[in-house]
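*Asks:* Below you'll find the structure I mean.
All of the numbers you see were taken from the coordinates with simple rules; none came from a lab. Bear in mind the structure is a predicted one, so any value in this text is a computation, not a measurement. Methodologically, a virtual Cβ is constructed for each residue, glycine included, from the backbone with ideal geometry; neighbour enumeration extends over all protein chains shown.
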Amino acid sequence: MESILLDSIDIRLLDALQTNSARSNQALAALVHVSPATCLRRVKRLVDSGLIERQVALLSPDRLAASQGHGLTAIVEVSLEHQGAERLDAFEARVAPDAAVQQCWRVTPGPDFVLVIHVRDMPGYQALVQRLFTSDANVRNVKAFFSVKRAKFEPKLALAPVNT
């Protein structure tokens, strides 16, 4: 993976985009004090380099609840019987594409994986357990923690200033 040199303009752009990526190029350029052409070129470079993986809309679960239901969010610890690289990779490759799995973290020490999942209800959770855990003979232990309140959700990364 090739490293990209970041300057203070890049850091300001990344910070501003993490806060609101829906701003127009003109508004973003004004916010970071560069010309619109420079802003467009810099953002394209950050996307092309892979520093910006994708731009998404963050939905409000509370506002969606009226039409979609609150759903059930769980943080799930998964321990495998065998932790060889091929077994870890196989489990990750099987669970990561599942639409109910919002996040999949390989961790140490403790469990092998921590998953953040969101399903419609408890029957939906039971179906996920069957689909992802019970059918896998290498899954040794599953421990689920069910969310009763989301106190904070912030996907923004803290960026260190760059001296230029």
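*Asks:* Give, to the nearest whole percent, the P(r) tail of the range 61-146 beyond 14 angstrom, counting all Cα pairs. Don't skip to the end; give the middle numbers.
*Replies:* Details: 2315 of 3655 pairs.
Percentage above 14 Å: 63.
*Asks:* Give, as ranges by residue number, the residues of the range 53-76 whose backbone N falls under 18 Å from the point 7 Å along Cα→Cβ of ASN20.
*Replies:* Output list for this probe position: 55-60.
*Asks:* Within the chain, which complete DSSP H helices have Cα atoms spanning at least 30 Å along the helix axis and a mean Kyte-Doolittle hydropathy of 0.0 or higher? Provide the component values of the computation, followed by the final result.
*Replies:* Values: long enough: none.
The qualifying helices: there are none.
*Asks:* So what's the net charge close to ARG140: Lys and Arg +1, Asp and Glu -1, counting the other residues with Cβ under 14 Å from its Cβ? Write out the running numbers ahead of the final one.
*Replies:* Working: positive: ARG87, LYS143; negative: GLU77, GLU81, ASP112, ASP136.
Net local charge, ARG140 excluded: -2.
*Asks:* Filter the chymotrypsin sites (Phe, Trp or Tyr not before Pro) in the range 122-164 to those in DSSP coil with at most 12 other Cβ atoms within 10 Å of their Cβ, and list the result. Kindly include the intermediate steps, with their values, before the conclusion.
*Replies:* On the way: sites: TYR125, PHE133, PHE145, PHE146, PHE153; in loops: PHE153.
Here the sparse-neighbourhood loop sites are PHE153.
*Asks:* Note the full-extension length gain between ALA27 and ARG106 as 0.36 nm times their separation in residues minus their Cα-Cα distance, in nm to one decimal. Could the numbers behind the result be given before it?
*Replies:* Numbers: separation 79, 0.36 × 79 = 28.44 nm, distance 3.84 nm.
Result: 24.6 nm gained on full extension.
*Asks:* Give, rounded to the nearest 20 debye, the magnitude of the charge dipole that the chain has about its Cα centre when Lys and Arg contribute +1 at Cβ and Asp and Glu contribute -1 at Cβ. List each step's numbers first, then the result.
*Replies:* On the way: 19 positive and 17 negative charges, 117 e Å.
Charge dipole of the chain: 560 debye, to the nearest 20.
*Asks:* Determine the relative contact order of the range 61-146: mean sequence separation of Cα pairs under 8 Å and six or more apart, normalised by residue count, in whole percent. Don't skip to the answer; put the middle values down first.
*Replies:* On the way: 120 pairs, mean separation 37.7, N = 86.
For the range 61-146, the relative contact order is 44 percent.
*Asks:* So if a site counts as exposed when it's one of the GluC sites (Glu not before Pro), its DSSP state isn't H, G, I, E or B, and it has at most 15 other Cβ atoms within 10 Å, what's the longest stretch of the chain without one? Display every interim value, and only then the final one.
*Replies:* Values: sites that count: GLU2, GLU53, GLU81.
After excluding every exposed loop site, the longest remaining stretch is 82-164.
*Asks:* Also: If every alpha-carbon in the chain counts as one equal scatterer, what log10 I(q)/I(0) does Debye give at q = 0.14, 0.16, 0.19, 0.20 1/Å?
*Replies:* Calculated log10 I(q)/I(0) at the listed q: -0.90, -1.01, -1.13, -1.18.
*Asks:* Sum -39500 (n - 2.57) across every DSSP H segment of at least 4 residues in the chain, then divide by the residue count to get the 222 nm mean residue ellipticity, nearest 500.
*Replies:* On the way: 6 runs with 59 residues, N = 164.
After summing the helix terms and dividing by residue count, I get -10500 deg cm²/dmol.
*Asks:* If you don't mind, there's one more thing I want to ask. At q = 0.19, 0.26, 0.32, 0.35 Å⁻¹, work out log10 I(q)/I(0) for the range 8-48 with the Debye formula, treating every Cα as an identical point scatterer and leaving solvent out; two decimals please.
*Replies:* -0.42, -0.84, -1.31, -1.50
*Asks:* Something else about it: To the nearest 0.05, what FRET efficiency results for LYS149 and MET122 with a Förster distance of 25 Å applied to their C-beta separation?
*Replies:* Numbers: r = 18 Å, r/R0 = 0.71.
Efficiency, from the Cβ-Cβ distance: 0.90.
*Asks:* Could I ask something else about it? If I take every Cα pair under 8 Å that is 6 or more residues apart in the chain, average their sequence separation and divide by the length, what percent do I get for the relative contact order?
*Replies:* Values: 167 pairs, mean separation 45.8, N = 164.
After rounding, I find 28 percent.
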